[in-house]
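Worksheet: one structure, shown below.
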Amino acid sequence: DSFLRFEIEVGPLPGTIMGNGKIDFRDRKMFVGVAKGQIIATRVPPTNGTPGITVLGDEVPQIPGKSMPLTVSDGAEYDEESGIIRAVHSGILSLVNENSIKVCAKQVIPGNIDYSPGNIKSQDAVEINGTILPGFKVKTHGDLLLGGNARSAKIKCKGNLVVKGGILGDKCKVKVSGDADFGFMEKGHLRVKGRVIIRKQAYYATIMADGEIHCTDSSQIMAGLLMSASSLNLGNVGSANSPHSLLAAGIAPGRYLRYLKMRSNLREIEQERLTFLQRYGLKQKVKQRELLEKAIGALHHDMTKLNLIPGVDPNSTDNGAEYLRTISITVQGTIYSGTELQIGN
């Protein structure tokens, strides 16, 4: 397959698999500076490969390499003929999902996001040394490094997000185009297009990712909802007394939310039907009972028909076996009874 050969040191990408099979949890190298005209990377094209031979001497056709999608924006430019990506002007490099490169300026905010600086809307990479207080909003075009916590705040980051503290509060909503790396999360809602790194814990949190979700071996997931289009690699899940966690891998997060909504509606209608039968029995108000049973049947049908596999049409009967071949849920520590696990459909 095609790939990017970087000409500068971009540092480790947390969550990548190292040669010994372990996961790299070193801190991401944030705010890598580049000079005007400096070569950032070279896109190496895919090759056609070489045919193989079976033990009987028959030729096995090769699988040609895939062409990696590439997005270059802001202060970076791409020469298609040479494959070279260079900086148009000096600035900060932002590498999003390993195939989107941008160069932008850097904005530093020394304290908290409160009534003093107000909401932040920046076309740059942003470093905030303090905490984002409840009700405030931060929107960045590049990477965002938060030294404190995000408390019931709203964050929209089109680069990578690193939170040294935690993400806190029911009303905390975070959207990230790249990777998200944080210490802990208590409640709140996180939607990430790349990978997620959880270093300590996630309690009562909703976390959705298109990439893998990685936790350190000693981390704790409790009463949460974790959804990934890829795999989950976790530490400890649940406890003896907490509500159960729901772990889903190899699913399209948006479709899975639809599925959970249908499941919730189904339970409500089934409970309504049960209450009706307990109150009136089988013979009275037949029309209302028939409507409830019809609604239950329709929801059952829709839930069975909805395909959750990423990259497959929602109404397709494709079971996604090839895609799911590499998908897994791995728990390094203890997983408690009651935890619900789902892979694909």
Checklist entry - Within region 317-335, how many residues turn out to be under 16 Å from residue 212 (Cβ atoms) and not in a loop (DSSP other than H, G, I, E, B)? => result 5
Item to check | Members of region 31-47 that are within 13 Å of residue 104 (Cα to Cα) and within 27 Å of the chain's Cα centre (by Cα) | outcome: 31, 32, 33
Checklist entry - For region 231-246, what are the residues that are under 10 Å from residue 340 (Cβ atoms) and crowded, with 23+ Cβ neighbours inside 10 Å? => result 245
Next on the checklist: closer than 30 Å to residue 147 by Cβ and touching a Phe, Trp or Tyr at 6+ places or on another chain (Cβ under 6 Å): which single residue out of 101, 113 fits that description?
Outcome noted: 113
Checklist outcome for this item: Going through region 71-127 in order, the residues found to be surrounded by 14 or more Cβ atoms within 10 Å (Cβ to Cβ), assigned to a strand (DSSP E or B) and hydroxyl-bearing (Ser, Thr, Tyr) are 73, 78, 94, 100, 122
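In region 209-226, which residues are hydrophobic (A, V, I, L, M, F, W, C) and over 20 Å from residue 160 (Cβ atoms)? Walk me through how you get there before you give the answer.
Taking region 209-226 as the starting set, the residues that turn out to be hydrophobic (A, V, I, L, M, F, W, C) are 209, 213, 215, 221-223, 225-226.
Result: 221, 222, 223, 225.
Would you mind stating whether residue 321 is open to solvent by less than 90 Å² (accessible area, probe 1.4 Å) and in contact with a helix residue (DSSP H, G or I) (Cβ under 6 Å, 6 or more places away or on another chain)? I'd like the intermediate steps shown before the answer.
Values: open to solvent by less than 90 Å² (accessible area, probe 1.4 Å): yes; in contact with a helix residue (DSSP H, G or I) (Cβ under 6 Å, 6 or more places away or on another chain): no.
Considered against the rule, which asks whether it is open to solvent by less than 90 Å² (accessible area, probe 1.4 Å) and in contact with a helix residue (DSSP H, G or I) (Cβ under 6 Å, 6 or more places away or on another chain), residue 321 comes out as no.
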Checklist entry - residue 139 versus (1) at pLDDT below 95; (2) in a strand (DSSP E or B); (3) surrounded by fewer than 19 Cβ atoms within 10 Å (Cβ to Cβ): which is the lone unmet condition? => result (1)
Checklist entry - Regarding residue 338, is this residue part of a helix (DSSP H, G or I) and not charged (D, E, K, R)? => result no
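From 315, 307, grab the single residue that is farther than 30 Å from residue 239 by Cβ, loosely packed, with under 11 Cβ neighbours inside 10 Å and without any contact (Cβ under 8 Å) to a residue 60 or more places away in the chain.
Values: 307 fails: loosely packed, with under 11 Cβ neighbours inside 10 Å.
Exactly one residue qualifies, and that residue is 315.
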Checklist outcome for this item: All conditions in (1) open to solvent by 40 Å² or more (accessible area, probe 1.4 Å); (2) assigned to a loop (DSSP other than H, G, I, E, B); (3) in contact (Cβ under 8 Å) with a residue 40 or more places away in the chain are true of residue 37 except (1)
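The values are calculated or read from the model by the stated rules, or taken from the named source; none is laboratory data. All figures in this text were calculated on a predicted structure; none of them were measured in a lab. Cβ coordinates were reconstructed from backbone atoms using ideal geometry, including for glycine residues, and neighbour counts include every protein chain displayed. To get the accessible areas, we keep the full protein, side chains included, count just its heavy atoms, and leave off ligands, DNA and RNA. Shrake-Rupley method; radii C 1.70, N 1.55, O 1.52, S 1.80 Å.
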